[in-house]
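One structure is given here, and the rest of the page talks about it.
The values are calculated or read from the model by the stated rules, or taken from the named source; none is laboratory data. Quantities reported herein were computed from a predicted structural model and do not represent experimental measurements. Cβ coordinates were reconstructed from backbone atoms using ideal geometry, including for glycine residues, and neighbour counts include every protein chain displayed.
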Ligand SMILES: NC(=O)c1ccc[n+]([C@@H]2O[C@H](COP(=O)([O-])OP(=O)(O)OC[C@H]3O[C@@H](n4cnc5c(N)ncnc54)[C@H](O)[C@@H]3O)[C@@H](O)[C@H]2O)c1
């Protein structure tokens, strides 16, 4: 393929593997991949058949003819992660792009009030789960050929984007589990990226700001006064405050598009980084 054909063609041809893909930000990433030319997408999640159907329909509605498969997999279980990757490779032959977006908010409570098992579960899903996926995605990508890249550019056998959060670089009272896990995602992204770059695999993470997904809806309605949400009557009362800090309400596709752009071989020198997608949330020192 010539350089001009690559410039004028789809920016993300190939196969995407997306955990947390049935809904929320993971599903928005799948939609963005479909719009930008992916031909096969695996939606990996723990939700029920109805949620998978809805998530699959949203991607297929792009009308690009993308083939979507759904895989029930708990990312905290290594054997299930391995099986999900094996199934995707069996269906599509390879995995060009992985987005590790399965996650939970966990209890948003003060350290002294937090049940230890519940805290460990947040680490298990948001940190260990991302690490397990990254591990087995790396193994798969390192043994496959490169995507077509422009003349003079380095090969890309695969790209992995891990989901961190603005909590990877800052924190808030009542978020010790979530913050610890997201700091861990940033750390494992840096180490993994340095191990994988010589083999044509790029690894980065992204840190979304504040998006009204079910993850937050479910936990923020339960939070107590005086925790991360700064004394609000309940968590949802603080949504406006977070959005003010961010500048506005954000839409899920704004995260989806960034993940796709970061995954393309044109981002060849971006490796081991944390791309913050927050409308200025974390640089806003004046309105906090
Ligand atoms: N919504 C935000 O404002 C925000 C901000 C920063 C980061 N994030 C991160 O974005 C990612 C996606 O979250 P979201 O906001 O779209 O919420 P969401 O709840 O809609 O999506 C999370 C998905 O992960 C799945 N999941 C949970 N545990 C799993 C497991 N053990 N194995 C497989 N799948 C599992 C859920 O079923 C769900 O589909 C999470 O990592 C979250 O921490 C969200």
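Scan region 52-70 and give yes if some residue there is within 24 Å of residue 267 (Cα to Cα), part of a strand (DSSP E or B) and away from the ligand (no atom under 16 Å from the Cβ), otherwise no.
No: region 52-70 contains no residue that is within 24 Å of residue 267 (Cα to Cα), part of a strand (DSSP E or B) and away from the ligand (no atom under 16 Å from the Cβ).
Of all the residues that make up region 166-206, how many are at positive phi and crowded, with 23+ Cβ neighbours inside 10 Å? Step through it out loud before you land on a result.
Kept after step one, since they are at positive phi, are these residues of region 166-206: 174, 200.
Imposing the further condition that a residue be crowded, with 23+ Cβ neighbours inside 10 Å reduces the set to 174.
Summing the residues that are at positive phi and crowded, with 23+ Cβ neighbours inside 10 Å in region 166-206 gives 1.
Which is assigned to a loop (DSSP other than H, G, I, E, B), surrounded by 24 or more Cβ atoms within 10 Å (Cβ to Cβ) and modelled with pLDDT of 95 or more, of 22, 30, 42? Write out each step before concluding.
On the way: 30 fails: assigned to a loop (DSSP other than H, G, I, E, B); 42 fails: assigned to a loop (DSSP other than H, G, I, E, B).
The conditions single out 22.
Here is a check on your reading of the model: is residue 75 without any contact (Cβ under 8 Å) to a residue 60 or more places away in the chain, surrounded by 17 or more Cβ atoms within 10 Å (Cβ to Cβ) and in a loop (DSSP other than H, G, I, E, B)? I'd like the intermediate steps shown before the answer.
Numbers: without any contact (Cβ under 8 Å) to a residue 60 or more places away in the chain: yes; surrounded by 17 or more Cβ atoms within 10 Å (Cβ to Cβ): yes; in a loop (DSSP other than H, G, I, E, B): yes.
Yes: the conditions hold for residue 75.
Which helices (runs of 4 or more DSSP H) sit wholly inside region 207-288 and have at least 3 residues that are under 23 Å from residue 184 (Cα atoms) and modelled with pLDDT under 95? Break it down into steps so the answer makes sense when it comes.
Values: elements: 214-220, 239-246, 252-263.
Once the helices (runs of 4 or more DSSP H) in region 207-288 are filtered for at least 3 residues that are under 23 Å from residue 184 (Cα atoms) and modelled with pLDDT under 95, what remains is 214-220.
Among the residues of region 168-206 satisfying the criterion of being farther than 24 Å from residue 280 by Cβ and not in a helix (DSSP H, G or I), which is nearest to the ligand (Cβ to nearest atom)?
Only one residue fits best here, namely 203.
Among what's in region 90-108 and is under 20 Å from the mean Cα position of the chain (by Cα) and either without any contact (Cβ under 8 Å) to a residue 24 or more places away in the chain or more than 9 Å from the ligand (Cβ to nearest atom) (or both), pick the residue that is surrounded by the fewest Cβ atoms within 10 Å (Cβ to Cβ). Steps first, please.
Step one: list which residues in region 90-108 are under 20 Å from the mean Cα position of the chain (by Cα), which gives 94-106.
From what is left, the residues that are either without any contact (Cβ under 8 Å) to a residue 24 or more places away in the chain or more than 9 Å from the ligand (Cβ to nearest atom) (or both) are 94-99, 106.
On the way: 94: 18, 95: 24, 96: 26, 97: 27, 98: 30, 99: 32, 106: 23.
Of everything passing the filter in region 90-108, 94 is surrounded by the fewest Cβ atoms within 10 Å (Cβ to Cβ).
Consider residue 15 against the criteria (1) within 18 Å of residue 93 (Cβ to Cβ); (2) in a loop (DSSP other than H, G, I, E, B); (3) touching a helix residue (DSSP H, G or I) at 6+ places or on another chain (Cβ under 6 Å): it satisfies all of them except one. Which criterion is unmet?
(2)
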